[in-house]
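The values are calculated or read from the model by the stated rules, or taken from the named source; none is laboratory data. Keep in mind it's a predicted model, so treat the numbers as computed, not measured. Reconstructed Cβ throughout: ideal geometry from the backbone, glycine too, with neighbour counts over all protein chains shown.
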Amino acid sequence: MPSDDFLEWLWPATRWVFDEVLYLDAFLARTAFITPTWEDFPVDESLEGDALVADYFAFVEEHSGTADWDWEIELVPRNAPSPAKILEGMAHDMTEDVKGGGVLVGAGDPLPIEYEPGLERDPELLVAVLSRGIAHWHCAGFEDPPGGEECFDYAVDLVWVLSGFGIFASNCAFRTRSQERDPMIGWGTQRFGALGQLELSYCMGLYAELLELDDRDAQKHLQPNPRAWLADARKDLRRRHESRLAELRAVGPALGPYRH
């Protein structure tokens with residue numbers, strides 16, 4: 001199980017998500033985890049490069065329910081000038097400070113999500129990057145989550161999972177990679193996001209319990225550790241936290257600044 005400190009943070013943070021960030025009625029209408037499958041991402045395989053990234057992003061937006069946001073999101077290849085970098089440090093009355101790194105975005109300007117060129121060759125990580133970018137902007141317009149601004153990135157990960165992308169979050173939070181370049185062979189690890197696999201798996205369990213989901217389809221797509229931790233999380237939530245789950249299901253819908 002995650003630490004007691006994490007669990008004490010999780011409950012008020014989840015309440016904050018439903019009070020401030022996500023539509024609870026839209027959340028409760030979800031019927032499954034979003035999976036790394038053709039059924040959830042029927043992209044045009046004839047596309048390449050940035051065009052294929054944009055196609056993946058269209059499905060990410062559809063799944064996350066952000067296609068009708070008032071603010072446009074702009075995909076920015078990391079080797080291109082970023083709108084955030086261009087605007088950073090520009091003090092004028094049309095610029096507002098966005099939490100989670102001090103990025104400045106002009107009012108009405110697109111919200112940037114950066115990605116590495118070539119990431120379309122790793123669709124699971126690509127979807128993770130794009131969907132976490134949306135979760136970041138979900139959180140950016142609101143007061144600090146429980147724990148203060150230093151917990152902002154944890155809140156982003158929680159919104160990421162509660163938006164349905166828990167499989168991508170858990171699998172991409174920690175990866176091992178091998179490389180072979182004659183005559184050298186090596187391996188390394190890659191981390192993504194703020195929370196670890198254990199905490200993200202517990203958040204997945206919370207998502208599944210709140211929606212009373214059958215998680216067998218999700219289990220097929222998870223790495224071994226998150227797969228086991230998801231099962232453990234659901235057991236723990238049912239055994240110790242049923243009253244808190246009931247309280248969360250009863251929270252009213254939230255309204256956000258980027259929505260109609």
With the checklist (1) surrounded by fewer than 22 Cβ atoms within 10 Å (Cβ to Cβ); (2) at pLDDT 80 or above; (3) within 17 Å of the chain's Cα centre (by Cα); (4) more than 17 Å from T66 (Cβ to Cβ) in hand, flag the one item A140 doesn't pass. (4)
Every listed condition ((1) of a type outside the set (S, T, Y); (2) at pLDDT 95 or above; (3) in contact with an Asp or Glu (Cβ under 9 Å, 6 or more places away or on another chain)) holds for W16 save (2)
Result of the Cβ filter at 7 Å on segment 5-19, keeping first residues that are closer than 15 Å to A135 by Cα and touching a residue at least 40 places away in the same chain (Cβ under 8 Å) and partners that are surrounded by fewer than 20 Cβ atoms within 10 Å (Cβ to Cβ) and among the hydrophobic types (A, V, I, L, M, F, W, C), at least 6 apart or interchain, is T14/L248; F18/L24; F18/L248; F18/V251; F18/A254
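Any idea which residue in segment 218-254 is nearest to the chain's Cα centre (by Cα), counting only those that are among the small types (G, A, S) and part of a helix (DSSP H, G or I)? Before the answer, list the steps.
Going residue by residue through segment 218-254, those that are among the small types (G, A, S) are 218, 228, 231, 233, 243, 246, 250, 252, 254.
Next, from what is left, pick out any that are part of a helix (DSSP H, G or I): 218, 228, 231, 233, 243, 246.
Values: A218: 16, A228: 21, A231: 21, A233: 19, S243: 26, A246: 24 Å.
Per the criteria, the residue is A218.
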Answer yes or no: is there a residue in segment 120-134 that is in contact with a helix residue (DSSP H, G or I) (Cβ under 7 Å, 6 or more places away or on another chain) and over 23 Å from S201 (Cα atoms). yes
If only one of F33, F27, F18, F41 is buried (at least 19 other Cβ atoms within 10 Å of the Cβ) and over 16 Å from V161 (Cα atoms), which one is it? F41
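Enumerate the helices (runs of 4 or more DSSP H) found wholly within segment 24-124, keeping only those where 2 or more residues are modelled with pLDDT under 75.
Working: elements: 24-28, 49-64, 83-87.
Correct list: 83-87.
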